[in-house]
Amino acid sequence: MIEIRGLKKFYGSLEVLKGIDLDVPKGEVLSVIGASGSGKSTLLYCINGLEPIQEGSVKVDGTDVHAKGTDINELRQKMGMVFQQWNSFPHLTALENVALAPKIVKKKSRAEARDIATRQLQHVGLGDKLNVYPSALSGGQQQRLAIARALAMEPDYMLFDEATSALDPELVGEVLDAMRLLADEGMTMICVTHEMGFARDVSDRVTFFHEGILEEIGTPAEIFGAPKSEHLQKFLSSIR
Amino acid sequence: MFDYNFHWRPVMKSLPDLLEAGLVTLQVAALSMIIGIVIGLALALIRMHMRGPVKWLASAWVELARNTPALFQLFFFGFGLGAVGIHMSPYVIVLSALSFNCAGYLAENFRGGFQAIPDTQLRAARSLGMTVWQSYTRVIIPQVFRIVYHPLTNQIVWAVLMSSLGMLVGFRELSGETQALASRTYRIFEYFAVTAVIYYVIVKIILGASRLLAARLFRY
């Protein structure tokens, strides 16, 4: 379970998150929607401790992410993250990309790490690309590689930061399919996304961010069918 | 007008000595590269991530190494330190000066290399639970290494050539040995001509080896 209480985040004097309260129970798929600059991506970075916070707290399974004594490297193993810019490691093959963290972070043996990596790559449909370098993969393939890489750490949570925004339109589908598959398997997911179709069909809940405030949260039917706040109504009509 | 008689025999007879001295040159250049890479990496990271006196010191190192004559740097380690009572063997003087110089130049190369790697690579590595050390050694630095690979090759060539200044502080590397032998036989032109060829061959071997290594290392 992820528990966020009174989370405030500043970049200098700019307040990006203005006191967020949010609970994400195990097994839930939560989509975060909102305009650019509304703080959605920053929220993810604060959840896995890639950005420090100024006020409030983020707890993952009861452990405070930002507390001094927390072993953040260990905690991050519970949370896989997939980025907008897929960030494959260009100097490693697909297999090595995925096997690296299990090997050096989880101290798995070489053979074990390769096993895990092979399985995860097959899972996202890259079983025939094991020994290919990322430069020879399409954007969609690289993003699936990134998903496999995160999954190889056997996380309990997956954080997706606009995983399809940087992709060519025809490649979006394959990544969304991989995400859908993961959701069907019961993974707890927080997906910052501009894909309203995905948010509507796959999420258990959808939350709308506006200028650093969590303005509305509810089931997809509530959010898309009966938006309450004026900002959300405006946002939805602008993207239709 | 042109009444110089070439005598190659003395040079050919001392070829083994010259080649041995060539190995000394190669050794001091290689060692200074290794030291230069380690210190250069550290200088680059300090300049990028630290503040205060440590950063100033690192910057001063880079500035001095890059913007003063290599010969002066050599004299500093030899005669400069000697004047204040720090006496080192010619080998150590040349190794120190070369390492100082290489570290300064490589620091700038490394800095450029680090800046060419997007921050998001570090974030991706950290998000997988890697420590800062693991992220750098397994993800960032291997990529930087590729970017600086050719400048690195140039630097080792430069180190080989610059080590010839070592003869001015009494170091018997290839040039020093040549000088000593030449002045004994007065076949100065012949000796330096042959030594020039040896330098040329050494550099060509380094460049060739570097190219072969690159083909093996960088498959992506």
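Read-outs: derived from the displayed coordinates by stated rules, not from any lab. In this text, all values refer to a predicted model and were calculated from it rather than measured experimentally. Neighbour counts are summed over all protein chains in view; Cβ atoms, including those assigned to glycine, are modelled from backbone coordinates with ideal geometry.
Per-structure values
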| read-out | value |
| --- | --- |
| So B:L168, is it more than 30 Å from A:V132 (Cα to Cα), assigned to a helix (DSSP H, G or I) and under 19 Å from the mean Cα position of the chain (by Cα) | yes |
| Qualifying positions in region A:1-39 - over 21 Å from A:P52 (Cβ atoms) and part of a loop (DSSP other than H, G, I, E, B) | A:M1, A:P25, A:K26, A:G27, A:E28, A:A35, A:S36 |
| Matching residues, region B:115-155, being among the β-branched types (V, I, T) and touching a helix residue (DSSP H, G or I) at 6+ places or on another chain (Cβ under 7 Å) | B:I117, B:T131, B:V139, B:I140, B:V144, B:I147, B:V148, B:T153 |
| Test result for B:W133, loosely packed, with under 15 Cβ neighbours inside 10 Å and among the aromatic types (F, W, Y) | yes |
| Single residue of A:L232, A:L214 found to be touching a residue at least 24 places away in the same chain (Cβ under 8 Å) and either more than 18 Å from the chain's Cα centre (by Cα) or surrounded by fewer than 16 Cβ atoms within 10 Å (Cβ to Cβ) (or both) | A:L232 |
| Residues of region A:87-137 that turn out to be at positive phi and within 14 Å of chain B (Cβ to nearest Cβ), as a count | 2 |
| Identity of the residue in region B:85-144, within 26 Å of A:M158 (Cβ to Cβ) and in a loop (DSSP other than H, G, I, E, B), that ends up nearest to the chain's Cα centre (by Cα) | B:I117 |
| Positions within region B:155-188 being of a type outside the set (G, A, S) and closer than 17 Å to B:L41 by Cβ, in sequence order | B:Q155, B:I156 |
| Residue within region B:17-25 that is without any contact (Cβ under 8 Å) to a residue 40 or more places away in the chain, within 16 Å of the chain's Cα centre (by Cα) and either assigned to a helix (DSSP H, G or I) or over 24 Å from B:S163 (Cα atoms) (or both) present | yes |
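For (1) outside any loop (DSSP other than H, G, I, E, B); (2) free of Cβ contacts under 8 Å to residues at least 40 places away in the same chain; (3) β-branched (V, I, T), each residue gets a yes or a no:
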| residue | (1), (2), (3) |
| --- | --- |
| B:H7 | no, no, no |
| B:A29 | yes, no, no |
| B:G36 | yes, no, no |
| B:A44 | yes, no, no |
| B:W56 | yes, yes, no |
| B:V62 | yes, no, yes |
